[in-house]
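For reference, the structure discussed in these notes is given below.
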Amino acid sequence: MLTVAVLISGTGSNLRALLDEAADPEFPARIVVVGADREAEGFSHAEEYGIPTFMVPFAQFATREAWGAELAEQLAVWKPDLVVLSGLMRLLPAALVDEWAPRIVNTHPAYLPEFPGAHGVRDALAAGVAQTGASVIIVDNGVDTGPILAQERVPVLPGDDEHALHDRIKPVERRLLIDVVRRVAAGDLDLAAVAAAPAS
Ligand code: GRF
């Protein structure tokens, strides 16, 4: 059984979907802990499922590195097989990424490498594209530059604002994330092999 830590910052709707899926005894992964960089609304989903939570408040650390060191200590307590960034709105420091790579994955509300960064939905709208998408990647030391594990297109519709478009992207993100976690857990997706493969 693959053990998973999920890190969030916000509402945790993608976390919720993963928790619901993992409640199925047939699902080959278990969420063992949920962490956040702030008092995140999404903690309530973990609490509902009786899953432990931890918080490492970014604002209380002098540097990103110090924050990351404490996050690394928390993860070391739980020793998950996989770390899922599900709406964690912070860049991880290189030391943490290097320690865990390639076992950190991230969901992103755009079709990478298009529109990386914190405003993927807003940037797609501003660019006036007809379609954007959702991606799940392995985290590396760039901003949304890691190897792509899964992605799917989502059309931009007339009248879309950021909220409406993001609301249509999120269900796709969830489906892709659940599928990636399932495939990693089942041994059908080898993160080390993907990370080692030359970029295409
Ligand atoms: C997702 O779209 C994620 O990719 C982005 O923030 C959103 C998180 O939503 N970085 P939620 O907290 O899972 O509802």
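Conditions (1) at pLDDT 95 or above; (2) more than 20 Å from residue 192 (Cα to Cα), marked per residue:
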{"position": "63", "(1), (2)": "yes, yes"}
{"position": "67", "(1), (2)": "yes, yes"}
{"position": "71", "(1), (2)": "yes, yes"}
{"position": "90", "(1), (2)": "no, yes"}
{"position": "111", "(1), (2)": "yes, yes"}
{"position": "119", "(1), (2)": "yes, yes"}
{"position": "138", "(1), (2)": "yes, no"}
{"position": "147", "(1), (2)": "yes, no"}
{"position": "160", "(1), (2)": "yes, yes"}
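Is one or more of the residues making up segment 97-109 over 19 Å from residue 149 (Cβ atoms), of a type outside the set (Asp, Glu) and out of contact with any Ser or Thr (no Cβ under 7 Å at 6 or more places or on another chain)?
No, because not a single residue in segment 97-109 is over 19 Å from residue 149 (Cβ atoms), of a type outside the set (Asp, Glu) and out of contact with any Ser or Thr (no Cβ under 7 Å at 6 or more places or on another chain).
Residues in segment 82-127 that are among the hydrophobic types (A, V, I, L, M, F, W, C), without any contact (Cβ under 8 Å) to a residue 60 or more places away in the chain and either more than 16 Å from the ligand (Cβ to nearest atom) or not in a loop (DSSP other than H, G, I, E, B) (or both): how many?
Going residue by residue through segment 82-127, those that are among the hydrophobic types (A, V, I, L, M, F, W, C) are 82-85, 88-89, 91-92, 94-97, 100-101, 104-105, 110, 112, 115, 118, 121, 124-127.
Now drop any that are not without any contact (Cβ under 8 Å) to a residue 60 or more places away in the chain, which leaves 91-92, 94-97, 100, 104, 110, 112, 115, 118, 121, 124-127.
Checking the rest, the ones that are also either more than 16 Å from the ligand (Cβ to nearest atom) or not in a loop (DSSP other than H, G, I, E, B) (or both) come to 94-97, 100, 104, 121, 124-127.
Within segment 82-127, residues that are among the hydrophobic types (A, V, I, L, M, F, W, C), without any contact (Cβ under 8 Å) to a residue 60 or more places away in the chain and either more than 16 Å from the ligand (Cβ to nearest atom) or not in a loop (DSSP other than H, G, I, E, B) (or both) number 11.
Restricted to segment 111-124, and to residues that are under 13 Å from residue 145 (Cβ atoms) and among the hydrophobic types (A, V, I, L, M, F, W, C), which residue is most open to solvent (accessible area, probe 1.4 Å)?
115
Please determine whether any residue of segment 172-187 is part of a loop (DSSP other than H, G, I, E, B), under 14 Å from the mean Cα position of the chain (by Cα) and under 20 Å from residue 5 (Cβ atoms). Give the steps one after another, and end with the answer.
Taking segment 172-187 as the starting set, the residues that turn out to be part of a loop (DSSP other than H, G, I, E, B) are 187.
Checking which are under 14 Å from the mean Cα position of the chain (by Cα) leaves us with none.
The answer is no, given that none of the residues of segment 172-187 is part of a loop (DSSP other than H, G, I, E, B), under 14 Å from the mean Cα position of the chain (by Cα) and under 20 Å from residue 5 (Cβ atoms).
The values are calculated or read from the model by the stated rules, or taken from the named source; none is laboratory data. Owing to the predicted nature of the structure, the values given are computational and were not obtained by experimental measurement. Here Cβ is always computed from backbone atoms with ideal geometry, including for glycine, and neighbour counts include all displayed protein chains. The area values use the complete protein model at the heavy-atom level, side chains included, leaving out ligands, DNA and RNA. Shrake-Rupley method; radii C 1.70, N 1.55, O 1.52, S 1.80 Å.
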